[in-house]
Amino acid sequence: MRKSDKIKLADRTWEALSAAFPDASCSLDSDSPERLAIRGILSAQCTDVRVNITAGELFEKYPSMADIDALPQDELEVLIKPCGLYKSKAKSIKTFAHLYCTKWGGEVPRDVNALMECPGVGKKIANLIVGEIYGIPAVVVDTHCKRVMKRIGITTHDEPLKVEADLVEVFPEDTWISLGHKAVELGRTYCISRAPKCDVCPLNDFCKRAGV
Ligand code: SF4
């Protein structure tokens, strides 16, 4: 597809998503930058509802990053077990808390590359953090966003970094933060993985996959 056609498709997609999901927002609780980052780490292959519950219990017992830095890893593993992948997530959370308390001087970095120094913080989580906390334009490409953008025809890729590169090429920068949230809503509401509801989807008059 020519770039100009892709831009037109992106414009129509943004209009339709904005009309259908005007209030789409991050569904992870976000009471502080560092806590949002921890929830982001916990969110890998886990629902946001589960993450919010488990993180709430964790922060009730251990409110600060210094508390978590001092917490033995095996205790942390028990607390976050309901979110799955608890060994690697505990390791990442411990590293994040330590970097926060030492190298980062008690602040969450604004730079995605600095954030990605922490194991378990990939581009998706780093983009979520800088976008939600600092309002820096960044698209969060999760499993829903990846799927719906491919079906619509805006990307041909499955690899999140390549999908992100395709999106930032055709969507205006001021849409990036909200775009990811709206794509998630579309994926949850209509463009469901196994059985997309194309007949009632608000994008069905231009989506590439509609009616396939
Ligand atoms: S028309 Fe169908 S495939 Fe396209 S975005 Fe909507 S639900 Fe997904």
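Take segment 7-59 and flag every residue that is among the aliphatic types (A, V, I, L, M) and over 16 Å from the mean Cα position of the chain (by Cα).
I7, L9, A10, A16, L17, A19, A20, I53, A55, L58
W104 versus (1) assigned to a loop (DSSP other than H, G, I, E, B); (2) surrounded by fewer than 18 Cβ atoms within 10 Å (Cβ to Cβ); (3) modelled with pLDDT of 95 or more: which is the lone unmet condition?
Failed condition: (2).
So, G120, is that one among the small types (G, A, S), part of a helix (DSSP H, G or I) and at pLDDT below 95 or not?
Spelling it out, it is not the case that G120 is among the small types (G, A, S), part of a helix (DSSP H, G or I) and at pLDDT below 95.
With the structure loaded, tell me whether E159 is among the acidic types (D, E) and surrounded by 19 or more Cβ atoms within 10 Å (Cβ to Cβ) or whether it fails that test.
No.
Can you find a residue in segment 189-197 that is more than 8 Å from the ligand (Cβ to nearest atom) and at pLDDT 95 or above?
So far as segment 189-197 goes, yes, one or more of its residues are more than 8 Å from the ligand (Cβ to nearest atom) and at pLDDT 95 or above.
Of the residues that sit in segment 98-153 and are without any contact (Cβ under 8 Å) to a residue 24 or more places away in the chain and of a type in the set (A, V, I, L, M), which one is farthest from the ligand (Cβ to nearest atom)?
L99
Matching residues to (1) in contact with a strand residue (DSSP E or B) (Cβ under 7 Å, 6 or more places away or on another chain); (2) without any contact (Cβ under 8 Å) to a residue 40 or more places away in the chain; (3) outside any loop (DSSP other than H, G, I, E, B):
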| position | (1), (2), (3) |
| --- | --- |
| R12 | no, no, yes |
| S18 | no, no, yes |
| S25 | no, no, no |
| R39 | no, yes, yes |
| A55 | no, yes, yes |
| L58 | no, yes, yes |
| D69 | no, yes, yes |
| E75 | no, yes, yes |
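The values are calculated or read from the model by the stated rules, or taken from the named source; none is laboratory data. Predicted model, so just to flag it, every value in this text is computed and none were measured. Positions of Cβ are backbone-derived with ideal geometry, glycine not excepted, and every protein chain shown enters the neighbour counts.
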